[in-house]
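One structure is given here, and the rest of the page talks about it.
The values are calculated or read from the model by the stated rules, or taken from the named source; none is laboratory data. Not measured: the values here are computed from a predicted model. Methodologically, a virtual Cβ is constructed for each residue, glycine included, from the backbone with ideal geometry; neighbour enumeration extends over all protein chains shown. Ligands, DNA and RNA are excluded from the accessible area calculation, which covers all protein heavy atoms including side chains. Shrake-Rupley method; radii C 1.70, N 1.55, O 1.52, S 1.80 Å.
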2 protein chains.
Amino acid sequence: MRFISEQRLDDDVLEREFTLGEIPGILWTSGSASAPAPLVLVGHPGGLRAMYPRLVARARQSVANGFAAATIELPGSGDRPRDPAAEQARADLRWALEAGEPVGDEIVDALVLPLVEKAVPEWRATLDALLALPEIDGPVGYSGGVIAIGVRLAAIEPRIVAAGLFAGSFVPRATFDDARQVTIPVHVLLQWDDEWNDRQQALDLFDALGSREKALHANMGGHTGVPAHAGDDAATFFARHLK
Amino acid sequence: MRFISEQRLDDDVLEREFTLGEIPGILWTSGSASAPAPLVLVGHPGGLRAMYPRLVARARQSVANGFAAATIELPGSGDRPRDPAAEQARADLRWALEAGEPVGDEIVDALVLPLVEKAVPEWRATLDALLALPEIDGPVGYSGGVIAIGVRLAAIEPRIVAAGLFAGSFVPRATFDDARQVTIPVHVLLQWDDEWNDRQQALDLFDALGSREKALHANMGGHTGVPAHAGDDAATFFARHLK
């Protein structure tokens, strides 16, 4: 892990860009904390630069709650090399959506499964590197982003003790198998009228999660209309489980 | 409204039992507040005496948040005269449940609709009396209890500005019509494995609510297993809307 830039944001949050091999990422920590902090991994749909305003807002809330926060670029997004098969799957998806066709399982599988296979080891390697820093010690929470990645990480990464998931992306069938393996506390956010999301599938996925403690918070509005109080509830969830 | 007893609970909550005509009720206010407070109406399934421990816990939380809280006995429950038709419907329901039969719409309608017709005017008359007290001035929230009563009150009582509903009781078909008339912010609590509740029906009722701001919070567990943090979330909802 190599830090390549550092700036202090106005609320005493230290923002450092880093690379881990070819993967770009951002780490946010308190500029004034003396003890090592728990960590929230900030998920997203890909494209760090475009997502930055929302990511930094979530990271600031985490730092304000006493945590460090970090994110990495997804494979094939942002400045990372494109994957021709993923690009084809994305084109198929766009075509189906524009034509008003149902999005078939094979399109979702082709788009999301290779992403999960590549991204999950990258998040875990990032976790190795972050937990080696003196300012971070865990426990670790994972928050948001592509739900299939979040569910896989929640199922297999023992250092992640709580997951906040956003039911706002296409779900491969295999993710239901992952969901049944999840046992950590899970907080699922659902936008009731999400135009990119099948509501019944989101409810079924919530039902499939194996966790004894799980909560579904559904709010009105579309994909990007998550109300501020929903973010507050998610922050409360992490505050409860990462201390 | 006639006050018939008064005691000061140990956290400076003033608890007064009252009667409004033949209806018994309880009012909880801060023992030290100087300004008139907003009011939370504390709903329940009937039987003030049996429900008292849970009611007083909810009332204390409301008072701690700067509100007054009040409840009244439901028609046909507690010490109030039994209604033969309601008793018959209750027996039919118990029989269906014990026999493992589906609970038909006609049983639910016979049990719940007359209750809504009687209880709603009583809550509204109670509201008239409570809002005439110098220590209370509104706005008013309604919380929990028989969901058909809560939905009807939310639909027709203009002094109620926010409703916290518990999807844990049988829902007559007519309640869906009421739900579509609701426009105030609504916070719905659903126990995912509630043994007294049809999950799909609860989701459909949430969907039917006409409110622009509505949230569904689903948690694991049965009817009485509502986690403490779900109560905190509901309190946050009222804090947001009753100030």
Kirkwood Rh, angstrom, segment B:37-79 [1 / mean 1/r, Cα pairs]: 10.7
Protein-only accessible surface order, largest first, of A:Arg58, A:Arg2 at 1.4 Å: A:Arg2, A:Arg58
Taking placed amide H atoms and a strict 5 Å upper bound, the residues 5 or more places from B:Val188 or on another chain that come that close are B:Leu165, B:Ala215, B:Leu216, B:His217
Extension reserve of the B:Gln88-B:Ser32 stretch, reckoned as 0.36 nm per residue once the Cα distance is removed: 15.5 nm
Could you report the accessible area of A:Met220 in Å², rounded to 10, computed with a 1.4 Å probe on the protein chains as they sit in the structure? 40
Based on DSSP, what percent of beta bridges with both residues in the protein assembly as shown are antiparallel, to the nearest 5? 45
Leaving out same-chain residues fewer than 8 places away, which aspartates and glutamates sit with a Cα under 17 Å from that of A:Lys243? A:Glu135, A:Asp137, A:Glu213, A:Asp232, A:Asp233
How would you classify segment A:1-114 from its alpha-carbon gyration tensor, with a ≥ b ≥ c the square roots of the eigenvalues: rounded for a/c under 1.5, else prolate if a/b is greater than b/c, otherwise oblate? prolate
Could you state the orientation-averaged shadow area of the convex hull built on the Cα atoms of segment B:112-233, in nm² to one decimal? 7.4
Could you state the orientation-averaged shadow area of the convex hull built on the Cα atoms of the protein assembly as shown, in nm² to one decimal? 25.5
Read phi for every residue in segment A:174-188 and hand back ³J(HN,Hα) as whole Hz from Karplus 6.51 cos²θ - 1.76 cosθ + 1.60, θ = phi - 60°, with x for Gly and Pro. 5, 5, 5, 5, 4, 4, 5, 8, 6, 10, 6, x, 10, 10, 10
Phi to ³J(HN,Hα) by Karplus 6.51 cos²θ - 1.76 cosθ + 1.60 over segment A:213-218, Hz, x for Gly, Pro: 9, 9, 10, 10, 10, 9
Determine which residues of segment B:123-146 fall in the zone a paramagnetic label at B:Asp12 would reach in this model, i.e. backbone nitrogen under 14 Å from the point 7 Å along Cα→Cβ. none
When a/c reaches 1.5 or more, the comparison of a/b and b/c decides; with that in mind, is chain B rounded, prolate or oblate per its Cα gyration tensor? prolate
Report, in whole Å, the centroid distance computed from the Cα atoms of segment A:14-29 and segment B:22-93. 55
Inter-label distance for A:Asp177 and B:Thr236, nm, one decimal - labels placed 7 Å from Cα along Cα-to-Cβ: 3.6
Karplus couplings for segment A:116-122 from phi (6.51 cos²θ - 1.76 cosθ + 1.60, θ = phi - 60°), rounded to Hz, Gly and Pro as x? 4, 4, 7, 6, 4, x, 5
In vacuo Debye sum over C-alpha of segment B:57-146, base-10 log of normalised intensity I(q)/I(0) at q = 0.12, 0.16 Å⁻¹, listed in q order, is -0.53, -0.79
For chain A, what proportion of DSSP beta bridges, expressed in % and rounded to the nearest 5, is antiparallel? 45
Compare B:Pro45, B:Pro185, B:Pro53 in a GNM of chain B, Cα atoms joined below 10 Å, and give the one with the largest fluctuation. B:Pro53
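With a/c under 1.5 counting as rounded, go ahead and sort segment A:172-243 into rounded, prolate or oblate using the C-alpha gyration tensor (a ≥ b ≥ c being the square roots of the eigenvalues; past the cut-off, prolate if a/b is larger than b/c, else oblate).
The shape class here is oblate.
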What residue among A:Gly21, A:Gly46, A:Gly144 has the largest mean-square fluctuation in a Gaussian network model of chain A, using Cα springs under 10 Å? A:Gly21
What number, in percent, do you get for the relative contact order of chain B if the mean sequence gap of Cα pairs under 8 Å and at least 6 apart is divided by its residue count? 15
Can you sort B:Lys243, A:Lys118 by solvent-accessible area, 1.4 Å probe, largest first? B:Lys243, A:Lys118
Would you kindly find the accessible area of B:Trp192, with a 1.4 Å probe and non-protein molecules such as ligands, DNA and RNA excluded, rounding to the nearest 10 Å²? 10
A:Arg199 accessible area, 1.4 Å probe, all protein chains in place, Å² to nearest 10: 70
